[in-house]
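Only one structure is covered here, and it is reproduced in the block below.
Every number in this text was worked out from the coordinates using simple rules, so none of it is lab data. Predicted model only: the values in this text are computed from it and were never measured. Methodologically, a virtual Cβ is constructed for each residue, glycine included, from the backbone with ideal geometry; neighbour enumeration extends over all protein chains shown.
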Ligand SMILES: [Fe+2]
């Protein structure tokens, strides 16, 4: 019988016949922790109703272009924890970080050297690097998927009709030496969308919604573990207080000004130009 003392045990037992072992394990643990949490804070009925309303609105705020549940997971540090558990760094591979809520559309395939800043706003920047395997061997034909926010701090999917579709996104293939390069703009810090329930949560707790400047990457190569990560801009505000806890020391890079007329001409940029170099190492 259900009682305050035995609540978790009784509810967990109702899942005992779950045929899928993993589902049974997850549900049993979920029930134990959830009941323990409710007892710990002695949740009131009004608080319970507020929580239901909050989660309902979180779902209602989500659509094809807005993922409020990922945001909620992000600001609670759960996205980063799941990420960290599932991609423990090792073998010198590039560290991973959160996917974030804005990889909602396929990145358009582009040629090496192409510009991705279709709106031509922002400070031009050459982004380049080499993708290598565990022993430093170049990985030719690796797929480098990148996306970033524009100068105003928004992704294309947040500004339909203002930014061209596919703005600041690109899908590249590395050359024979494992190298990739493209023209973009220096990323800028931005607030995560805070006009929904997650923003309300941040305001109620005195937290800011900002993420330090970064560029997103998913890098894949046959026979290797893919990596989902960012490169962060070294002098960006909020590096020490990322709203979604995504910063890792090994992913921070300077974006220096380069004075090299030949390289500028080859890249199709005015000299001098800003350059962001980010090498990526994958393990088997
Ligand atoms: Fe982002």
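By other beta-carbon atoms within 10 Å, ranking 168, 239, 34, 72 with the fewest at the front produces 34, 239, 72, 168. Taking square-rooted eigenvalues a ≥ b ≥ c of the alpha carbon gyration tensor, is the range 61-197 rounded, prolate or oblate, where a/c under 1.5 means rounded and, failing that, a/b exceeding b/c means prolate? Taking the square roots of the gyration eigenvalues as a ≥ b ≥ c, the range 61-197 is oblate.
The long axis of helix 21-41 is offset from the longest Cα principal axis of the chain by roughly 70 degrees. Size descriptors for the range 21-100, from the alpha-carbon set: Rg then Dmax equal 16.4, 50 Å.
Only Cα sites of the range 110-161 enter the Debye sum here, all with the same form factor; the resulting log10 I(q)/I(0) across q = 0.22, 0.29 1/Å is -0.94, -1.29, listed in q order. Per-residue extension of 0.36 nm, minus the Cα-Cα distance of residue 175 and residue 263, leaves a gain of 29.9 nm for this segment. Note on 128, 184: ascending count of other Cβ atoms within 10 Å places them as 128, 184, the fewest first. Considering only beta bridges that DSSP places wholly inside the chain, some 70 percent are antiparallel. Note: the chain, Cα convex hull, 160 Å³ per residue.
In square nanometres and to one decimal, what's the mean projected area of the convex hull around the Cα atoms of the range 130-251?
Details: hull surface 35.9 nm².
It is 9.0 nm².
If R0 is taken as 51 Å, the Cβ-Cβ distance between residue 29 and residue 120 corresponds to a FRET efficiency of 0.50. Computed as a quarter of the hull surface, the mean projected area of the alpha carbon convex hull for the range 1-43 stands at 2.9 nm².
Once you sort the root eigenvalues of the Cα gyration tensor of the range 157-228 as a ≥ b ≥ c, which label holds: rounded (a/c under 1.5), prolate (a/b larger than b/c) or oblate (the other case)? Please report the intermediate quantities before stating the final value.
On the way: a/c = 2.72, a/b = 1.90, b/c = 1.43.
Prolate shape, in that a/c is at least 1.5 and a/b is the bigger ratio.
Once the Cβ-Cβ distance of residue 159 and residue 69 is raised to the sixth power relative to R0 = 25 Å, the FRET efficiency obtained is 0.70. When the Gaussian network model of the chain links Cα atoms closer than 10 Å, the mean-square fluctuations of 39, 61, 121 top out at 39.
Put in order of Cβ neighbour count within 10 Å, fewest first, the listed residues 33, 216, 103, 230 become 33, 103, 216, 230. For the chain, modelled as a GNM whose springs connect Cα atoms under 10 angstrom apart, the maximal fluctuation among 231, 26, 186 occurs at 26. Note on residue 43 and residue 207: with the Förster distance fixed at 22 Å, the Cβ-Cβ geometry gives a FRET efficiency of about 0.50.
Helix-derived [θ] at 222 nm for the chain: sum -39500 (n - 2.57) over DSSP H runs of at least 4, divide by residue count, nearest 500? Here the helix-only value at 222 nm equals -8500 deg cm²/dmol.
Global size of the range 186-276: 17.0, 53 Å for Rg and Dmax (C-alpha atoms, Rg to one decimal, Dmax whole).
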